[in-house]
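Each remark here refers to the structure printed beneath this line.
The values are calculated or read from the model by the stated rules, or taken from the named source; none is laboratory data. Bear in mind that the values here come from a model prediction, so they are computed numbers and not experimental data. Every residue, glycine as well, gets a Cβ built from its backbone with ideal geometry; the counts of neighbours run over all protein chains shown.
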Amino acid sequence: MLDSLGESLRNTIRKITKAGYVDKALIKEVVRDIQRALLKGDVEVHLALKLSKNVEKRALEEKPPAGMSHRDFLIKIIYEELVAILGKEKEISLKPQKIMLVGLYGQGKTTTAAKLAKFYQKKGLSVALIACDVHRPAAYDQLKQLGDKINVPVFGIPGERDARVIAREAMKKMKDYQVKIFDTSGRHALEEDLIEEIKDLKEIISPDEIFLVMDATIGQQAGKQAKAFHDAVGITGVIITKMDGSAKGGGALSAVATTGAPVVFIGTGEHLDDIEYFNPTRFISRLLGMGDLETLLETAREMEIEEEKAEKIMERMMSGKFNLKDMYEIWEQMSKPGILQKILYSLPFLKMGDIDKNMVEESEEKLRRYRVIMDSMTYEELENPEIIKASRIRRIARGSGKSEREVRALLKEYNRMKKMMKQMRGNRKLMRALRKQMKSGNLDLMGFK
Ligand SMILES: Nc1nc2c(ncn2[C@@H]2O[C@H](COP(=O)(O)OP(=O)(O)O)[C@@H](O)[C@H]2O)c(=O)[nH]1
Ligand SMILES: [Mg+2]
């Protein structure tokens with residue numbers, strides 16, 4: 001659902017978490033990214049522009065609350081603005097109620113009626129379905145089949161040409177059911193006789209909810225349609241179906257939100273379980289690929305810690321002190337999309353092959369193996385690997401259950417790396433520039449190439 005929009009937005013968030021710090025250039029870039037993502041996701045141009053303007057203005061003018069970094073704050077703003085364009089959440093009631101579904105042909109009314117029946121049934125309510133579609137020949141059979149699947153009674157009068165008659169009968173015959181769901185006829189367009197029919201049914205049923213069912217593939221048109229139905233018969237909510245496989249879901253959702261009508265459910269497939277109660281906050285969380293805002297900010301903070309760690313390691317490398325513990329940390333960093341990886345990759349004198357094959361590709365596997373070996377080393381050995389000679393190697397191998405050859409391989413790798421660090425130290429110009437950039441917080445190693 002909305003795969004590409006979600007993907008683009010997730011990339012934007014990633015860009016923020018990885019960035020050195022938040023400055024005007026980053027904000028502008030991020031705003032442009034979001035704008036492009038929204039437009040590609042069929043969100044209406046003015047709405048997309050308004051959202052990106054809001055993000056930019058707030059990011060530049062507002063101060064983060066105490067204790068929150070600029071980076072977290074920028075993510076928070078984006079999150080809030082995205083939630084805002086999806087409108088307000090409508091609480092669904094689990095009390096006895098009558099629900100009437102309206103909408104044009106083929107939008108998913110009948111399917112949704114059965115999905116809702118299952119939804120309320122699962123909440124422990126007794127549910128009945130009422131087939132008021134008198135236009136489509138097999139409408140009753142379709143609903144009956146769906147109802148049978150979930151053991152929900154379906155009321156209808158096959159052959160009856162007047163939906164009003166069916167509704168009146170149903171109000172008597174099915175009155176004991178706690179939730180009554182009325183499926184109605186569609187039309188190709190919102191024609192006068194459809195409006196009349198809905199108004200009459202509304203009069204007879206006196207529904208608690210009138211939900212307009214719309215297909216996500218109509219995209220931004222959903223806004224106009226929601227408004228037309230609302231003006232004509234008054235709706236209490238919108239259900240957007242076929243959110244699966246439609247790239248225009250973002251357009252439909254946001255367009256409906258601008259009309260003020262809340263989206264209540266979304267349909268996400270042909271099965272009767274494929275319906276979700278729509279909550280804008282949760283929806284955006286999922287779109288951005290995280291549990292909620294807290295989790296998202298957590299990830300951002302973790303990245304920050306990684307960066308701090310990387311800086312400390314850099315400091316140690318520069319100071320010429322470098323031991324097995326540092327190496328361990330570097331490996332750990334390299335197995336993540338951390339900043340150190342970026343540092344090492346961009347150092348001009350390191351051939352890609354040096355770190356590529358030996359460290360990154362296999363780093364996880366190797367890390368696990370080396371971790372076991374290092375766990376068998378004494379603190380002294382880790383700090384000062386030079387003292388590890390044959391008898392210590394034998395002891396470490398035995399203690400870790402690894403071969404002596406593996407312990408030697410680890411030490412060899414350490415020596416190779418230490419040599420690299422020495423070379424790096426010899427390059428004074430590079431070191432000075434690195435240090436300066438690190439202090440400024442704007443580490444741009446690409447510039448050294
Ligand atoms: N993929 C997908 N198909 C759906 C969804 N909702 C309904 N459909 C399909 O859309 C078609 C029309 O649905 P139907 O309920 O008969 O629409 P109605 O004319 O408004 O009653 C059927 O083939 C349904 O299986 C949905 O959420 N996802
Ligand atoms: Mg139908």
How many residues of the range 171-188 are more than 16 Å from ligand 2 (Cβ to nearest atom) and in contact (Cβ under 8 Å) with a residue 12 or more places away in the chain? The answer is 8
Flagged in the range 69-89 as surrounded by 16 or more Cβ atoms within 10 Å (Cβ to Cβ) and either within 16 Å of ligand 1 (Cβ to nearest atom) or in a loop (DSSP other than H, G, I, E, B) (or both), in numbering order, are Leu86, Gly87, Glu89
Expected single match for among the acidic types (Asp, Glu), at pLDDT below 90, farther than 26 Å from Ser93 by Cβ and over 17 Å from the mean Cα position of the chain (by Cα) among Glu298, Glu306 is Glu306
Flagged in the range 30-49 as loosely packed, with under 15 Cβ neighbours inside 10 Å and either outside any helix (DSSP H, G or I) or not hydrophobic (A, V, I, L, M, F, W, C) (or both), in numbering order, are Arg32, Arg36, Lys40, His46
With respect to Thr217, determine if the residue is under 38 Å from the mean Cα position of the chain (by Cα) and within 16 Å of ligand 2 (Cβ to nearest atom).
no
Of the residues in the range 188-213 that are over 36 Å from the mean Cα position of the chain (by Cα) and part of a loop (DSSP other than H, G, I, E, B), the one that is nearest to ligand 1 (Cβ to nearest atom) is Glu191
Checked the range 1-29 for anything of a type in the set (A, V, I, L, M, F, W, C) and surrounded by fewer than 14 Cβ atoms within 10 Å (Cβ to Cβ); matches are Ala25
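Yes/no matrix, rows are residues, columns are (1) at pLDDT 80 or above; (2) touching a Lys or Arg at 6+ places or on another chain (Cβ under 9 Å); (3) surrounded by fewer than 20 Cβ atoms within 10 Å (Cβ to Cβ); (4) in the same structural domain as Leu104 (by TED's automatic domain parsing):
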| site | (1), (2), (3), (4) |
| --- | --- |
| Val233 | yes, yes, no, yes |
| Met243 | yes, no, no, yes |
| Ala255 | yes, yes, no, yes |
| Gly269 | yes, yes, yes, yes |
| Asp274 | yes, yes, yes, yes |
Checked the range 232-270 for anything within 16 Å of ligand 1 (Cβ to nearest atom) and in a loop (DSSP other than H, G, I, E, B); matches are Ile235, Lys242, Met243, Asp244, Gly245, Ser246, Ala247, Lys248, Thr268, Gly269, Glu270
- prompt: Does Gln121 satisfy the criteria of being under 34 Å from the mean Cα position of the chain (by Cα) and of a type in the set (S, T, N, Q)?
  reply: yes
Log entry, pairs with first residue in the range 367-387 being surrounded by 11 or more Cβ atoms within 10 Å (Cβ to Cβ), second being modelled with pLDDT under 80 and aromatic (Phe, Trp, Tyr), beta carbons closer than 9 Å, six or more apart or on different chains, reads Leu367/Tyr328; Leu367/Trp331; Tyr370/Tyr328; Tyr370/Trp331; Arg371/Tyr328; Arg371/Trp331; Met374/Tyr328; Leu382/Tyr328
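Take the residues in the range 141-159 that are farther than 17 Å from His271 by Cα and modelled with pLDDT of 95 or more; name whichever of them is farthest from ligand 2 (Cβ to nearest atom). Reasoning before the result, please.
First, pick out the residues of the range 141-159 that are farther than 17 Å from His271 by Cα: 141, 153-159.
Those still in the list that are modelled with pLDDT of 95 or more too: 141, 153-157.
Details: Asp141: 11, Pro153: 18, Val154: 13, Phe155: 15, Gly156: 12, Ile157: 16 Å.
Here the answer is Pro153.
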Residue count, the range 90-143, condition in a loop (DSSP other than H, G, I, E, B), more than 10 Å from ligand 1 (Cβ to nearest atom), of a type outside the set (A, V, I, L, M) and closer than 19 Å to Met171 by Cβ, comes to 3
